[in-house]
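Student: The following block contains the structure, expressed as structure tokens.
The values are calculated or read from the model by the stated rules, or taken from the named source; none is laboratory data. Since the model is a prediction, treat every value here as computed from it, not as a measurement. Cβ coordinates were reconstructed from backbone atoms using ideal geometry, including for glycine residues, and neighbour counts include every protein chain displayed. For accessibility, only protein heavy atoms count, side chains too; no ligands or nucleic acids. Shrake-Rupley method; radii C 1.70, N 1.55, O 1.52, S 1.80 Å.
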Amino acid sequence: QVQLVESGGGLVQPGGSLRLSCAASGSIFVIFHMGWYRQAPGKQRELVARIISDGSANYADSVKGRFTISRDNAKNTVYLQLNSLKLEDTAEYYCNVNLMSHPAAVPYDYWGQGTQVTVSS
């Protein structure tokens, strides 16, 4: 079993910052990519940022220059630093981790429970 525990969401004013964390635990052999998605009410879930094991990352155009994804491989944890937040960043943010739980396993996507980010004045 693999568990993803997210933290760091909350209410912030436009222009403010938040830092999200997602820690993976349980049966983990190797982690490939880690990322964050978000889903606003009435909209589809979208990729925000993804980082692979060598540290290279890609971002949605809407967050480039404002959000930064990072990972701590020793802690099996991925972070998302959200700066210069805008009203349209309001959404439920979900952690996504692609990993093998043991050497014979097929890589599988695991999801966190979600953490709410609300940007409001």
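Listed here are the residues, each with its yes/no results for (1) β-branched (Val, Ile, Thr); (2) over 13 Å from VAL117 (Cα atoms); (3) open to solvent by 30 Å² or more (accessible area, probe 1.4 Å).
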| residue | (1), (2), (3) |
| --- | --- |
| GLY16 | no, no, no |
| LEU20 | no, no, no |
| ALA24 | no, yes, no |
| MET34 | no, yes, no |
| GLY55 | no, yes, yes |
| ALA60 | no, yes, no |
| LYS86 | no, no, yes |
| VAL106 | yes, yes, yes |
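Student: Looking at (1) open to solvent by 50 Å² or more (accessible area, probe 1.4 Å); (2) in a strand (DSSP E or B), which is the one condition that is false for ARG38?
Tutor: (1)
Student: Shifting gears a bit: Of the numbered conditions (1) farther than 22 Å from THR118 by Cβ; (2) part of a strand (DSSP E or B); (3) aliphatic (A, V, I, L, M); (4) in contact with a Leu (Cβ under 8 Å, 6 or more places away or on another chain), VAL48 satisfies every one except a single condition; which is it?
Tutor: It fails just one condition, (1).
Student: In this structure, is GLY65 loosely packed, with under 13 Cβ neighbours inside 10 Å and either more than 15 Å from the chain's Cα centre (by Cα) or modelled with pLDDT under 95 (or both)?
Tutor: On the way: loosely packed, with under 13 Cβ neighbours inside 10 Å: yes; either more than 15 Å from the chain's Cα centre (by Cα) or modelled with pLDDT under 95 (or both): yes.
It is true that GLY65 is loosely packed, with under 13 Cβ neighbours inside 10 Å and either more than 15 Å from the chain's Cα centre (by Cα) or modelled with pLDDT under 95 (or both).
Student: Then there is this: Exactly one condition in (1) open to solvent by 50 Å² or more (accessible area, probe 1.4 Å); (2) closer than 22 Å to PRO107 by Cβ is false for ALA49; which is it?
Tutor: Every condition holds for ALA49 apart from (1).
Student: Just to be sure, is GLU92 among the acidic types (Asp, Glu), over 22 Å from GLN3 (Cβ atoms) and open to solvent by 30 Å² or more (accessible area, probe 1.4 Å)?
Tutor: Here the answer is no, as GLU92 does not meet what is asked.
Student: Which is modelled with pLDDT under 95 and touching a strand residue (DSSP E or B) at 6+ places or on another chain (Cβ under 8 Å), of GLY55, GLY35?
Tutor: Answer to the check: GLY55.
Student: Would you pick out the residues in segment 68-83 that are open to solvent by 60 Å² or more (accessible area, probe 1.4 Å) and over 14 Å from ALA49 (Cβ atoms)?
Tutor: ASN73, ALA74, LYS75
Student: How many residues, within segment 1-23, are over 16 Å from LEU82 (Cα atoms) and out of contact with any Ser or Thr (no Cβ under 7 Å at 6 or more places or on another chain)? Working first, answer last.
Tutor: Step one: of segment 1-23, the residues over 16 Å from LEU82 (Cα atoms) are 1-5, 23.
Going one step further and asking which of them are out of contact with any Ser or Thr (no Cβ under 7 Å at 6 or more places or on another chain), we end up with 4-5.
Qualifying residue count, segment 1-23: 2.
Student: Further question on the same structure: Take VAL78 and decide whether it is of a type in the set (Val, Ile, Thr), closer than 13 Å to LEU20 by Cβ and at pLDDT 95 or above.
Tutor: Answer is yes for this residue.
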